[in-house]
Amino acid sequence: MRSEQEERVALFDMDGTLVDYIGQLSKDLGKLGAPGEPEITDDLDDLPYHMQNRADVIRSSADWWRTLPRLELGWDILNAARELDYRIMILTQGPRRNAAAWTGKKLWIDENLGPDVDVTITRDKGLVYGKVLVDDFPKYVERWLKWRKNGLVIMPAREINRNFTHPQVVKYDGTNMDEVRDALRERLKSAFRKDSRVKVK
């Protein structure tokens, strides 16, 4: 049987959820671009080869990852989860061939969330336990939900997930925080329904 702390785990993605990865990369690529070059989108695979190379150079700096700006939609959800006493854990992907990203992400977490926040850097988010996942990317969400019939996902609304729907996913667009809080609260209640000693705020 899991402990109360284990039952309260809320997993938070970083890129596109807590940090504005695409916005910052687009801005930095713009500084290096020639007139008329396309702006980047959420799908980096659509970039011309030379722009992908530029993006790789930008992302090769740990300091670039360390200084990524916050994304307010994700922070709204983070604050709501904290208010409900969820145990916050970071769940993020680490590029296979970019150790600087791993270092920079950990430095960002230490500076913005504190060094005591638990972190999992993985290539497969579906392997990691939590009651709630907060993530913007449909592919990762589907992989995580495949193994969690009762899991809840809170998804910051972005262009990349505009057409994505799932009965266990609540999208947050900045206007429906009451819906997000209710879903987070209900997830805790269902987890502790068999134990009347546990109080849910």
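The values are calculated or read from the model by the stated rules, or taken from the named source; none is laboratory data. The shown structure was predicted, so the numbers you read here are calculated from the model rather than taken from an experiment. Backbone-built Cβ (ideal geometry, glycine too); neighbour counts: all protein chains shown.
Structure values in brief
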| quantity | calculated |
| --- | --- |
| Test: residue in the range 67-76 that is closer than 13 Å to Tyr21 by Cα, of a type in the set (A, V, I, L, M, F, W, C), in contact (Cβ under 8 Å) with a residue 60 or more places away in the chain and not in a helix (DSSP H, G or I) | yes |
| Check on Gly94, surrounded by fewer than 21 Cβ atoms within 10 Å (Cβ to Cβ) and either of a type in the set (A, V, I, L, M, F, W, C) or within 14 Å of the chain's Cα centre (by Cα) (or both) | yes |
| Filter pass, Thr122 being in contact with a Ser or Thr (Cβ under 9 Å, 6 or more places away or on another chain), farther than 17 Å from Leu71 by Cβ and among the hydroxyl-bearing types (Ser, Thr, Tyr) | yes |
| Scope the range 1-57; condition outside any helix (DSSP H, G or I), small (Gly, Ala, Ser) and either modelled with pLDDT of 90 or more or within 24 Å of the chain's Cα centre (by Cα) (or both); matching residues | Ala10, Gly16 |
| Among residues of the range 78-126, those that are among the aromatic types (Phe, Trp, Tyr), assigned to a helix (DSSP H, G or I) and modelled with pLDDT of 95 or more, counted | 1 |
| Residue in the range 12-27 that is buried (at least 20 other Cβ atoms within 10 Å of the Cβ), in contact with a Ser or Thr (Cβ under 7 Å, 6 or more places away or on another chain) and without any contact (Cβ under 8 Å) to a residue 60 or more places away in the chain present | no |
| Glu37 vs. criteria touching a residue at least 24 places away in the same chain (Cβ under 8 Å) and of a type in the set (Asp, Glu) | no |
| Selected residue (criterion: surrounded by the fewest Cβ atoms within 10 Å (Cβ to Cβ)) from residues of the range 168-192 that are of a type in the set (Gly, Ala, Ser) and touching a Leu at 6+ places or on another chain (Cβ under 8 Å) | Gly174 |
| Test: residue in the range 146-164 that is in the same structural domain as Leu11 (by TED's automatic domain parsing), out of contact with any strand residue (DSSP E or B) (no Cβ under 7 Å at 6 or more places or on another chain) and among the aliphatic types (A, V, I, L, M) | yes |
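The rows are residues; the columns are (1) without any contact (Cβ under 8 Å) to a residue 60 or more places away in the chain; (2) exposed (fewer than 15 other Cβ atoms within 10 Å of the Cβ).
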residue: Asn98; (1), (2): yes, no
residue: Ala101; (1), (2): yes, no
residue: Lys105; (1), (2): no, no
residue: Val119; (1), (2): yes, no
residue: Val128; (1), (2): no, no
residue: Leu133; (1), (2): no, no
residue: Lys139; (1), (2): yes, yes
residue: Glu159; (1), (2): no, yes
residue: Thr165; (1), (2): yes, yes
